[in-house]
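Asks: Sending over a structure as structure tokens; questions will come in a sec.
The values are calculated or read from the model by the stated rules, or taken from the named source; none is laboratory data. Remember, it's a predicted structure, so these values are computed and weren't measured experimentally. Heads up, the Cβs are rebuilt from the backbone with ideal geometry, glycines too, and the neighbour counts pull from every protein chain shown. What goes into the accessible areas is simple: the full protein's heavy atoms, side chains included, and nothing from ligands, DNA or RNA. Shrake-Rupley method; radii C 1.70, N 1.55, O 1.52, S 1.80 Å.
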Amino acid sequence: MELYNLKKNEQKVTFAQAVKLGLGDNQGLFFPSTIPTLGNVDELLELDFVSRSVAILTAFLGEELGNDMVESMVRKAFNFPLAVSPVRDGVYALELTHGPTLAFKDFGARFLAQCLSHLSEGEKATILTATSGDTGAAVAHAFYGLDNINVAVLYPKGKISVLQEKLFCTLGDNIHTFAVEGRFDDCQQLVKDAFDDLELKEAISLNSANSINIARLLAQICYFFEVVAQIPADQRNEIVISVPSGNFGDLTAGLLAKSLGLPVKRFIAATNLNDTVPRYLASGEWAPTPTIATRSNAMDVSAPNNWPRIEELLKVQGWDKSLITGVKVDEAQTVQGLKDLYELDYLCEPHGAIASLALNNSLQAGETGVFLCTAHPSKFQESVEEILNIEVPLPQPLADVEHKDILSKNIDADFAELRGHLMAI
């Protein structure tokens, strides 16, 4: 599989190189030189999730890695369920909340861990990632205890829920966590600065597990096929998928799924008050503003890293931007969306509520709607309980860490300080 750097097109790499590098020169994202064909999509939709995922990822990676290796990685990574639940007539929820850290990031993080484990061949590596909530837990658990791999996770101090924090900041061992005085965008910038430091990058064999890493994106393609597979065949002609969007990796994966032949009519990019993309789709002006803290903290991103990939995919496929509907949902609407779902006997959390409300506001007659549930309601227990006036029981992964001590180091949004910690690891 060949990929090229979106900021330096002449830099071309294999999948293995892209996974190990994370980012290309000039902080450029890697993008596939060609999109494979899958053959009969209807036949693929008849397969079970894991078998279908093997077929999808083999189409991308089989020639380079070998079909047997791809199948082994997929079966080890995707060893937990997902679900598609009807919410009301013609509307479904894709639940990506049943993995070990109760969030959609488990799919991409666990597949990336398998890739690096196979490709590193015993060499030492340091994984550096920034998180606005769920990525940190998924990456930490995916790599926890793996030989020769250290993980450093940056997150904005005080801007993720305590239970989110405890899910990955209580592990220790090869997992190192840093609470950064600043915003998620500051954490992302520190990651970029680290990758620009060639001496540091070489000294600690630096790699990234953010959605900038192509392995995570390829894994996420698979569950978009699953949602269509579980929708009745007579409702598949006009499918609209609403994606709660922060760094826009999930939407990128959905668009890649469509480019492979998945029958999706259009997508909704649902954001909170950090609405750079909806404003851009409406005006054509890319104008990020300072990040605003919201109830849906995993989406508190004003300069999403993956947007260049979406622009490239639209260009390569010859699609108009109207394929994507941008919808901003404010805090009051988020609260109401959560209440509306609960009245339908569906317990959700702020991110899924935003996707649901955005879907309701733009779904047209004859369309079948899907919204993504990206995290378990218990991960936002305090907010959900306050809004709905109920008690949300903790599933076992959170109950296990509820009373554990947080092991994070507090640091400023200062690259020199972070560099010292990374070299010490």
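Asks: Per residue, how large is the accessible surface of the chain? Use a 1.4 angstrom probe and give square angstrom. Walk me through the numbers before you get to the answer.
Replies: Details: 15960 Å² over 425 residues.
With the other protein chains kept in place, the chain gives 38 Å² per residue.
Asks: Can you work out D for region 2-49 in µm² s⁻¹ from Stokes-Einstein, where Rh is the Kirkwood radius over C-alpha pairs, the temperature is 10 °C and the viscosity is 1.306 mPa s? Don't skip to the end; give the middle numbers.
Replies: Numbers: Rh = 12.3 Å.
In µm²/s, the coefficient rounds to 129.
Asks: Report, by chain and number, residues whose modeled amide H sits under 5 Å from the one on residue 84, excluding near sequence neighbours (fewer than 5 apart, same chain).
Replies: Long-range HN contacts for residue 84: 95.
Asks: Further, regarding this structure: Once the convex hull of the alpha carbons of the chain is built, what does its volume come to per residue, in cubic angstrom? Display every interim value, and only then the final one.
Replies: Numbers: hull volume 54.9 nm³, N = 425.
Looking at the chain, the number lands at 129 Å³ per residue.
Asks: In addition: Within region 83-104, whose backbone N sits under 12 Å from a point 7 Å along Cα→Cβ of residue 403?
Replies: none
Asks: Another question, if that's okay. Within 12 Å, Cβ to Cβ, of residue 272, how many net charges do the neighbouring residues add up to if Lys/Arg are +1 and Asp/Glu are -1? Each step should come with its number before you reach the end.
Replies: Numbers: positive: 295, 328; negative: 275, 300, 330, 331.
Net charge in that neighbourhood comes out at -2.
Asks: Further question on the same structure: Hey, can you grab everything whose amide H is under 5 Å from the amide H of residue 325? Only 5+ residues off in sequence or another chain; H modelled, so Pro and N-termini drop out.
Replies: 267, 268, 269
Asks: At 0.36 nm per residue, and after removing the present C-alpha to C-alpha distance, how many nm does the segment from residue 417 to residue 118 gain when stretched out fully?
Replies: Details: separation 299, 0.36 × 299 = 107.64 nm, distance 3.19 nm.
104.4 nm is the gain from fully extending residue 417 to residue 118.
Asks: What list of ³J(HN,Hα) values in whole Hz, one per residue of region 4-14 in order, does the Karplus curve 6.51 cos²θ - 1.76 cosθ + 1.60 (θ = phi - 60°) give from phi, with Gly and Pro shown as x?
Replies: Each residue's phi maps through the Karplus curve to give 10, 7, 5, 9, 8, 4, 6, 7, 10, 9, 7 Hz.
Asks: Pull up all non-local amide H partners of residue 176: gap of 5 or more, or a different chain, and H-to-H distance under 5 Å with H placed in the peptide plane.
Replies: 151, 152, 153
Asks: Another one. Could you pull the Cα extents of region 224-352 along its three principal axes, largest to smallest, in whole Å?
Replies: Computed over the Cα atoms, the extents are 39, 37, 20 Å.
Asks: Follow-up question, since we're still on this one. Please turn the phi angles of region 204-210 into ³J(HN,Hα) values with the Karplus equation 6.51 cos²θ - 1.76 cosθ + 1.60 (θ = phi - 60°), one per residue in order, whole Hz, x for glycine and proline.
Replies: My calculation for region 204-210 gives 10, 6, 6, 9, 10, 10, 6 Hz in order.
Asks: Write down the Å³ per residue value for the convex hull defined by the alpha carbon atoms of region 283-365.
Replies: On the way: hull volume 10.9 nm³, N = 83.
With only Cα atoms used, region 283-365 gives 131 Å³ per residue.
Asks: Which whole-percent values make up P(r) of region 349-402 when all C-alpha to C-alpha distances are grouped in 5 Å steps starting at zero?
Replies: The calculated distribution, bin by bin, is 4, 19, 21, 19, 16, 10, 8, 4, 1, 0.
Asks: Expected output is a single nm value to one decimal: the length gained when fully extending between residue 162 and residue 365, i.e. 0.36 nm times separation in residues minus the C-alpha distance. What is it? If you can, show how the numbers build up before the last one.
Replies: On the way: separation 203, 0.36 × 203 = 73.08 nm, distance 4.12 nm.
The residue 162-residue 365 span can extend by a further 69.0 nm.
Asks: Here is a further query. Output the direction-averaged projected area (hull surface divided by four) of the convex hull of the alpha-carbon atoms of region 72-117, in nm².
Replies: Numbers: hull surface 13.9 nm².
Orientation-averaged projected area of the Cα hull: 3.5 nm².
Asks: Using the Karplus equation 6.51 cos²θ - 1.76 cosθ + 1.60 (θ = phi - 60°), what ³J(HN,Hα) coupling, rounded to whole Hz, does each residue of region 41-46 give in order, writing x for Gly and Pro?
Replies: Rounded to whole hertz, the list is 5, 4, 5, 4, 5, 7.
Asks: Sticking with this one: 7 Å from Cα along Cα→Cβ at both residue 76 and residue 285: what's the point-to-point distance in nm?
Replies: The modelled label-to-label distance comes out at 5.0 nm.
Asks: Across 10 Å bins from 0, what is the distribution of all Cα-Cα pair distances for region 326-425, in whole percents?
Replies: Pair shares across the bins are 13, 32, 21, 22, 10, 2.
Asks: Here's something else I'd like to know. Using a 1.4 Å probe on the protein chains only, how many percent of the accessible area of region 146-279 belongs to carbon and sulfur?
Replies: Values: 1560 of 3520 Å².
Within region 146-279, the accessible surface is 44 percent carbon and sulfur.
Asks: List the residue ranges in the chain for DSSP H helices whose C-alpha atoms run 24 angstrom or more along the long axis and whose Kyte-Doolittle average is 0.0 or above.
Replies: Details: long enough: 214-230 (26 Å, 1.31).
Flagged H segments are 214-230.
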